[in-house]
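Structure first, commentary second.
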Amino acid sequence: MKRRILVSEKKAAIAAIAQALDFPEWFGQNLDALHDSLTDLSWLPEGEYVLVVPVDLDPSVLEVLRDAAKQTAGSGDRRLRVVRTER
């Protein structure tokens, strides 16, 4: 499943990612909660989830995305991949 994130500011990007991946209601809207949710994804069907993000995405959000992608790369059931692109 591929989702495009069009915002680059931290708060807006976190909200857009949460919406794109249908995060549960308990999601905390911060970087720690973002990381926890991205490395879990148990509420979603098995498969690969691709987030297409702008090259000017907030660096702290990008760091969380990259770390989560690394952690899920070998996990099997649900994998996250991040692709950076110009708008």
Check your understanding: residue 20 passes all but one of (1) surrounded by fewer than 16 Cβ atoms within 10 Å (Cβ to Cβ); (2) touching a residue at least 24 places away in the same chain (Cβ under 8 Å); (3) of a type in the set (A, V, I, L, M); which number fails?
Key -> (1)
Review point. Given (1) without any contact (Cβ under 8 Å) to a residue 12 or more places away in the chain; (2) touching a Phe, Trp or Tyr at 6+ places or on another chain (Cβ under 9 Å), where does residue 1 come up short, assuming only one miss?
Key: (1)
**Study point:** Residues of the range 53-80 that turn out to be under 13 Å from residue 21 (Cβ atoms) and in contact with a Gly (Cβ under 9 Å, 6 or more places away or on another chain), as a count
**Key:** 2
Review point. If only one of 3, 81 is over 9 Å from the mean Cα position of the chain (by Cα), surrounded by fewer than 18 Cβ atoms within 10 Å (Cβ to Cβ) and among the basic types (Lys, Arg), which one is it?
Key: 3
Practice item. Select from the range 39-68 the residues that are more than 17 Å from residue 7 (Cβ to Cβ), in a helix (DSSP H, G or I) and touching a residue at least 24 places away in the same chain (Cβ under 8 Å) and write down the one among them that is farthest from the chain's Cα centre (by Cα). Key: 67
Point to revise | Conditions (1) at pLDDT below 90; (2) among the charged types (D, E, K, R); (3) assigned to a loop (DSSP other than H, G, I, E, B); (4) within 11 Å of the chain's Cα centre (by Cα): number failed by residue 87 | key: (4)
Study note, to complete from the structure: Considering residues that are of a type outside the set (Lys, Arg), surrounded by fewer than 17 Cβ atoms within 10 Å (Cβ to Cβ) and under 21 Å from residue 9 (Cβ atoms), the number found within the range 37-69 is 7
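The values are calculated or read from the model by the stated rules, or taken from the named source; none is laboratory data. Please read all numbers here as calculations on a predicted model, not as lab measurements. Don't worry about glycine lacking a Cβ; one is built from the backbone with ideal geometry, like all the others, and counts go over all protein chains shown.
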